[in-house]
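Chemist: The structure under discussion is supplied below as structure tokens; questions concerning it will follow.
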Amino acid sequence: MNRTQKGAWCILIVSLFLILFGILLFTEIVILKNLFTSLHRFIALLLFSFMVPLFIFLRKKQSRAEVESDERDRLIIKRAILVSFVSVWVLLAAVCIIPRFIVGYTGSIPVWVLSVINFAIFLIAMFIYSTAILIQYGWGGKDGEK
Amino acid sequence: MVKNEMKNQIRRLRFENSEMTQQQLADRVGVTRQTIIAIEAGKYAPSLPLAFRIARTFGVSLEQVFQYEDG
């Protein structure tokens, strides 16, 4: 697995974890009106404790002379950026249309929801970006030793 | 529709050059091992500079490494 693949796996794991943690927090605090519980603290601690092994995994080289990235990596990253950019536009369009059906044309939403939406779009875009990279590499499985 | 096929002899040349590994070739031409695997499998067509670097590593001409066929 090269550095680009490792980076994509790290982004995928972290973004997926943050999306799930965000859904959990939203459900608990906003819908069920529970305060920040010890479960949330434990999950947040778990996330940060994953960071150290993730960065060690990211820094480990396949060989001493391994390059940071090459022309194929750059091509793959370029395509993944394009895919995530398109996904951001699709999500923004969805965000503009969906609230009309939920709160109506003259309804209103709290200001903090906009921040949550922006952060959610960023996380989803990162998730799509890393998934696009891994799909192009064949999830790392097809590039095995021959 | 015309189908273009680019074939290569990298695998054979690696074995003829004291069984060079994909990692060793990758390190010598300045790419990752995954790129060498993709080129060998015909999944990725390298740029001209990279193709020349691979050919020079084996000490052969470009045509001896890569062959282009119109299908």
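The values are calculated or read from the model by the stated rules, or taken from the named source; none is laboratory data. All values derive from a computational prediction rather than experimental measurement. Here the Cβ is made from the backbone with ideal geometry for all residues, glycine too, and neighbour counts use every protein chain on show.
Chemist: Across segment A:76-93, what is the total count of residues that are among the small types (Gly, Ala, Ser) and either surrounded by fewer than 12 Cβ atoms within 10 Å (Cβ to Cβ) or within 13 Å of another protein chain (Cβ to nearest Cβ) (or both)?
Modeler: Step one: filter segment A:76-93 for residues among the small types (Gly, Ala, Ser), giving A:80, A:84, A:87, A:93.
Next, from what is left, pick out any that are either surrounded by fewer than 12 Cβ atoms within 10 Å (Cβ to Cβ) or within 13 Å of another protein chain (Cβ to nearest Cβ) (or both): A:93.
Here the count works out to 1.
Chemist: So, one more: Just need a number here: residues in segment A:1-58 that are modelled with pLDDT under 80, of a type in the set (Phe, Trp, Tyr) and under 30 Å from residue A:79 (Cβ atoms).
Modeler: Qualifying residue count, segment A:1-58: 3.
Chemist: Further, regarding this structure: Return the residue satisfying two criteria in turn: it lies in segment A:61-75 and is without any contact (Cβ under 8 Å) to a residue 60 or more places away in the chain and in a helix (DSSP H, G or I), and of such residues it is surrounded by the most Cβ atoms within 10 Å (Cβ to Cβ). Walk me through it before giving the result.
Modeler: Residues of segment A:61-75 without any contact (Cβ under 8 Å) to a residue 60 or more places away in the chain: A:61, A:63-65, A:67, A:70-72, A:74-75.
Next, only the ones that are in a helix (DSSP H, G or I) stay: A:71-72, A:74-75.
On the way: A:71: 15, A:72: 25, A:74: 11, A:75: 13.
Per the criteria, the residue is A:72.
Chemist: Same structure again: How many residues are of a type outside the set (A, V, I, L, M, F, W, C), closer than 18 Å to residue B:15 by Cα and part of a helix (DSSP H, G or I) if we restrict to segment B:36-62?
Modeler: Result for segment B:36-62: 4.
Chemist: Condition first: of a type in the set (Gly, Ala, Ser) and either on the phi > 0 side of the Ramachandran plot or within 14 Å of chain A (Cβ to nearest Cβ) (or both). Now tell me which residues in segment B:31-71 satisfy that.
Modeler: B:38, B:41, B:42, B:45, B:47, B:51, B:59
Chemist: Taking segment A:38-51, which residues are loosely packed, with under 13 Cβ neighbours inside 10 Å and either under 18 Å from the mean Cα position of the chain (by Cα) or hydroxyl-bearing (Ser, Thr, Tyr) (or both)?
Modeler: At the first step, the residues of segment A:38-51 found to be loosely packed, with under 13 Cβ neighbours inside 10 Å are A:38-39, A:41-42, A:45-46, A:48-49, A:51.
Those that are loosely packed, with under 13 Cβ neighbours inside 10 Å and either under 18 Å from the mean Cα position of the chain (by Cα) or hydroxyl-bearing (Ser, Thr, Tyr) (or both): A:38, A:46, A:48, A:49, A:51.
Chemist: Could you please find all residues in segment A:70-90 being hydrophobic (A, V, I, L, M, F, W, C) and within 17 Å of residue A:124 (Cα to Cα)? Talk me through it step by step, then tell me what you get.
Modeler: The first filter runs over segment A:70-90 and keeps only residues hydrophobic (A, V, I, L, M, F, W, C), leaving A:75-77, A:80-83, A:85-86, A:88-90.
Hits for segment A:70-90 are A:77, A:80, A:81, A:82, A:83, A:85, A:86, A:88, A:89, A:90.
Chemist: Go through (1) within 14 Å of chain B (Cβ to nearest Cβ); (2) exposed (fewer than 11 other Cβ atoms within 10 Å of the Cβ); (3) free of Cβ contacts under 8 Å to residues at least 40 places away in the same chain and name the single condition residue A:135 misses.
Modeler: With respect to (1) within 14 Å of chain B (Cβ to nearest Cβ); (2) exposed (fewer than 11 other Cβ atoms within 10 Å of the Cβ); (3) free of Cβ contacts under 8 Å to residues at least 40 places away in the same chain, residue A:135 is out only on (2).
Chemist: Let me ask you something else. Working only within segment A:1-60, note down all residues that are within 14 Å of another protein chain (Cβ to nearest Cβ), in a helix (DSSP H, G or I) and of a type in the set (A, V, I, L, M).
Modeler: Our first condition is that a residue be within 14 Å of another protein chain (Cβ to nearest Cβ); within segment A:1-60, this holds for A:1-9, A:60.
Subsequent filtering for residues that are in a helix (DSSP H, G or I) retains A:3-9.
Once the filter is applied, which keeps residues that are within 14 Å of another protein chain (Cβ to nearest Cβ), in a helix (DSSP H, G or I) and of a type in the set (A, V, I, L, M), segment A:1-60 yields only A:8.
Chemist: Restricted to segment A:88-146, and to residues that are outside any helix (DSSP H, G or I) and at pLDDT 85 or above, which residue is farthest from the chain's Cα centre (by Cα)? Working first, answer last.
Modeler: Taking segment A:88-146 as the starting set, the residues that turn out to be outside any helix (DSSP H, G or I) are A:104-110, A:137, A:141-146.
From the residues that got through so far, the ones that are at pLDDT 85 or above too are A:104-110, A:137.
Details: A:104: 30, A:105: 31, A:106: 33, A:107: 30, A:108: 28, A:109: 25, A:110: 25, A:137: 18 Å.
Going through the qualifying residues, I end up with A:106.
Chemist: Right, next: Which of the residues that make up segment B:14-30 are surrounded by fewer than 19 Cβ atoms within 10 Å (Cβ to Cβ) and within 7 Å of another protein chain (Cβ to nearest Cβ)? Quick ask: steps written out before the conclusion?
Modeler: If we filter segment B:14-30 for residues that are surrounded by fewer than 19 Cβ atoms within 10 Å (Cβ to Cβ), which is where we start, we get B:15-21, B:23-24, B:28, B:30.
Within segment B:14-30, B:23, B:30 meet the criteria.
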